[in-house]
Amino acid sequence: MSKSWRTTLMVGAIIAVFAATSAGAAKFITGADIKNGSIGLRDISRAARRGLKGQSGPAGPAGAAGAQGPAGPQGPAGPSSLSTTIKSAAFSALPEDFADGQVRCPAGMTAVGGSLSPGALIPVYDAPSADGGGWIASAYNFDTSSTFRMVIVVICTPGSAQPSPASVNKDQAQRLKAAARAEHAS
């Protein structure tokens, strides 16, 4: 056989295989062409897998109770009393002067809140005492002829008092009072 004859035969065989393959690929695959159970989830697209998910079914029956767990550590002791005490006191301010005051919690109790009710006075400071065992406040009377009063209230609960970073120390109180006087003078 000559070389050109072999080449022609090879080209013809390739064309025949290609034509047979193209004709087979052109045919659509239907459900009848697929053997049951031969396609798995990994063989289909993600979008098709999402489409296969149905609605959740009803909840199943409750399972059996589990075994009792180990006991936890002992918690800290609670207060011996859950009582709350509210104390108050009134303090007067002469005309163009300050009313300063402090209301202390009973022994064995600590301040958990408090406030100043200034009435006609202008509050200067209103805070827990430095040791946490009471409430301190100051207010200024801008009136030139009348004396007014303020009321300080403290809420106390059982416990030991802790130092309060929110308190006003003597230097701060003097600066606040000086600022209130300067404001009044202007």
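Looking only at the stretch 57-109, residues that are within 30 Å of Asn141 (Cα to Cα) and either modelled with pLDDT under 85 or part of a strand (DSSP E or B) (or both) come to 16 in all. So which residues in the stretch 30-56 are charged (D, E, K, R) and either part of a loop (DSSP other than H, G, I, E, B) or touching a strand residue (DSSP E or B) at 6+ places or on another chain (Cβ under 6 Å) (or both), if there are any at all? Passing the criteria: Lys35, Lys53. Val124 passes every criterion in (1) of a type in the set (A, V, I, L, M); (2) in contact with a helix residue (DSSP H, G or I) (Cβ under 9 Å, 6 or more places away or on another chain); (3) over 16 Å from Gln172 (Cα atoms) apart from (3).
Tallying residues that are under 32 Å from the mean Cα position of the chain (by Cα) and surrounded by fewer than 19 Cβ atoms within 10 Å (Cβ to Cβ) within the stretch 111-126 yields 5.
Tallying residues that are free of Cβ contacts under 8 Å to residues at least 40 places away in the same chain and within 31 Å of the chain's Cα centre (by Cα) within the stretch 52-101 yields 10. On the given criteria, is Gly132 assigned to a loop (DSSP other than H, G, I, E, B) and either over 31 Å from the mean Cα position of the chain (by Cα) or of a type in the set (Lys, Arg) (or both)? So Gly132 fails the test.
Candidates Ile39, Ile44, Ile29: the one that is of a type outside the set (Gly, Ala, Ser) and either exposed (fewer than 10 other Cβ atoms within 10 Å of the Cβ) or modelled with pLDDT under 70 (or both) is Ile29.
The values are calculated or read from the model by the stated rules, or taken from the named source; none is laboratory data. Model, not experiment: these values are computed from the prediction. Positions of Cβ are generated from backbone atoms using ideal geometry, with glycine treated the same way; all protein chains shown enter the neighbour counts.
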